[in-house]
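Here's the structure we're looking at; comments come further down.
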Amino acid sequence: MEIDRELLKGSITLLLLNLLSRGEMYGYEILQAAAVRSAHAFEFKEGTLYPALHQLEKKGHIKAQWRTGDNGRERKYYSLTSKGRKAAQQYQRQWTHLTGAVNAVLESK
Amino acid sequence: MRTADQLIADIVRSSRISSHKRRQELLRELATHVDDFVLLARQAGRGDEEIQRLLVANFGDPQQIAQQFAWVYRRERIMLHLSVFLISTLVVTTVVSAAVMSMQAGMALGFGVPLLSVLGSRHSLIEALDILATVAAYMGLISLEKLFDRRPLARALAVLAASSAVLVAAFAATGMATQFLIFGSVNAVFLRTVQVCLSRSAARLGVVFAGFGVLGVIFFHPPASAVPSALARIAASWMLMAAAYQAMTHLAARVDAALLNRFQRL
């Protein structure tokens with residue numbers, strides 16, 4: 001099912017922080033992980049990933065490093081900072097609270 | 001059909017990221033993304049043309065992506081233009097003031113007027129303030145234009161008008177002189193409009209001389225007893241100002257471009 005862009009916009013930060021809390025990844029890897037873990041529900045336009053990553057890097061939530069991967073190719077790897085780890089937990093709590101509240105409204109009679 | 005390379009180049013070019021190094025790094029990062037996409041698509045047995053089409057379709061609107069980058073790096077861009085504005089204003093004001101004072105010293109010697117009475121007069125101080133206000137407003141316009149994508153001059157003029165009004169009000173409230181601020185703003189708007197609207201140097205020069213000629217007639221009312229040599233001195237002074245301000249526009253553009261280029265590569 002295609003997800004409305006406005007709905008997706010609010011969740012992309014949480015999604016990226018959560019994926020990177022599992023280990024460092026490069027851009028294309030993040031897109032693939034998001035698609036696989038969400039059963040292809042999260043298949044946003046690929047180019048929009050990078051401004052979001054750069055924004056998180058500027059906020060100090062993630063850090064980036066160029067290095068050569070296992071296959072010998074050089075890529076920019078992103079990983080969480082301690083500030084980002086705290087932010088990820090905070091976003092997750094807020095998200096759980098929000099979705100719980102939205103579900104309560106949707107399921108109310 | 002737009003290729004992946006063109007797509008990436010378009011994004012980076014339109015992103016308005018100030019730092020040359022950061023732009024190069026973004027180009028490199030997006031290129032590795034394209035490489036990954038192409039590699040996997042080839043492994044899936046897709047042809048080159050189909051891969052390019054899919055890549056462009058999946059990547060998203062380059063202008064929209066560039067706008068998102070412009071938003072992310074807006075603070076750096078503003079800081080860069082502010083730094084360039086401040087340094088350019090200082091440099092150009094110093095050069096133009098020095099040039100005008102030297103020419104006036106030359107004229108004073110030519111007309112047999114004591115040098116100290118010209119350079120040490122209140123008139124010289126007012127002239128220096130006029131130059132500072134004009135250069136600051138002109139450099140401000142150039143810097144502001146770079147911050148706007150659409151109708152840059154009109155928007156820059158609107159911001160300058162608002163800033164000048166605030167400054168004039170603040171100066172007036174504290175009992176300070178405001179004439180030089182008004183002169184600087186109006187002069188800068190006049191010079192920049194001429195610069196943008198007229199492409200030929202001769203036409204620009206003609207309009208600037210005519211504009212300053214009109215200003216001279218408005219502000220200088222010679223008494224009936226004025227001697228011809230005094231009138232000639234005043235006329236020469238106004239024409240000198242016109243030439244200096246026109247030269248200032250060229251110098252300002254060069255200093256701004258040189259500083260911008262240098263700072264972007266830091």
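The values are calculated or read from the model by the stated rules, or taken from the named source; none is laboratory data. Quantities reported herein were computed from a predicted structural model and do not represent experimental measurements. For neighbour counting, all protein chains shown are included, and Cβ atoms are generated from backbone atoms with ideal geometry for every residue, glycine included.
Of B:ARG23, B:ARG16, which residue is touching a residue at least 12 places away in the same chain (Cβ under 8 Å), within 30 Å of A:LYS76 (Cα to Cα) and within 14 Å of chain A (Cβ to nearest Cβ)?
Criteria check complete, one pass: B:ARG16.
Hey, any hits in region A:26-44 for a residue that's farther than 22 Å from B:ILE11 by Cβ, outside any helix (DSSP H, G or I) and within 11 Å of chain B (Cβ to nearest Cβ)?
no
Please work out which one of (1) over 26 Å from the mean Cα position of the chain (by Cα); (2) at pLDDT 90 or above; (3) surrounded by fewer than 18 Cβ atoms within 10 Å (Cβ to Cβ) is the condition B:SER14 fails and give its number.
Going through the list (1) over 26 Å from the mean Cα position of the chain (by Cα); (2) at pLDDT 90 or above; (3) surrounded by fewer than 18 Cβ atoms within 10 Å (Cβ to Cβ), B:SER14 breaks only (1).
Could you list, in sequence order, the residues of region A:60-89 that are among the basic types (Lys, Arg) and either in contact (Cβ under 8 Å) with a residue 12 or more places away in the chain or at the interface with another protein chain (Cβ under 8 Å from one of its Cβ atoms) (or both)? Let's see the steps before the verdict.
We begin by selecting, within region A:60-89, every residue among the basic types (Lys, Arg); these are A:63, A:67, A:73, A:75-76, A:83, A:85-86.
The answer is A:LYS63, A:ARG73, A:ARG75, A:LYS76, A:LYS83, A:ARG85.
Quick check on this structure: which one of A:GLY100, A:GLY69, A:GLY60, A:GLY47 is on the phi > 0 side of the Ramachandran plot and over 12 Å from the mean Cα position of the chain (by Cα)?
From the options A:GLY100, A:GLY69, A:GLY60, A:GLY47, the qualifying one is A:GLY60.
From the set of residues in region B:69-125 that are of a type in the set (Lys, Arg) and closer than 30 Å to B:LEU27 by Cα, which is surrounded by the most Cβ atoms within 10 Å (Cβ to Cβ)?
Taking region B:69-125 and keeping what is of a type in the set (Lys, Arg), we get B:74-75, B:77, B:122.
Those left that are additionally closer than 30 Å to B:LEU27 by Cα: B:74-75, B:77.
Working: B:ARG74: 13, B:ARG75: 10, B:ARG77: 17.
Checking each candidate, the answer is B:ARG77.
Regarding B:ILE126, is this residue more than 10 Å from chain A (Cβ to nearest Cβ) and among the aliphatic types (A, V, I, L, M)?
Yes.
Here are A:GLN55, A:GLN90: which of them is out of contact with any Pro (no Cβ under 6 Å at 6 or more places or on another chain) and exposed (fewer than 14 other Cβ atoms within 10 Å of the Cβ)?
Sole residue among the options that is out of contact with any Pro (no Cβ under 6 Å at 6 or more places or on another chain) and exposed (fewer than 14 other Cβ atoms within 10 Å of the Cβ): A:GLN90.
Among the residues in region B:64-72, are any more than 10 Å from every other protein chain (Cβ to nearest Cβ) and in a helix (DSSP H, G or I)?
No, region B:64-72 has no match at all.
Looking only at region B:102-126, which residues are within 27 Å of the chain's Cα centre (by Cα) and free of Cβ contacts under 8 Å to residues at least 24 places away in the same chain?
B:SER102, B:SER124, B:LEU125
Would you tally the residues in region B:141-157 being aromatic (Phe, Trp, Tyr) and farther than 16 Å from B:ARG77 by Cα?
The total comes to 0.
What number of residues in region B:73-88 are in a helix (DSSP H, G or I) and within 8 Å of chain A (Cβ to nearest Cβ)?
0
Examine region B:92-115 for a residue that is over 30 Å from B:ALA258 (Cα atoms), assigned to a helix (DSSP H, G or I) and polar (S, T, N, Q), and state whether such a residue exists.
Checking region B:92-115: not a single residue is over 30 Å from B:ALA258 (Cα atoms), assigned to a helix (DSSP H, G or I) and polar (S, T, N, Q).
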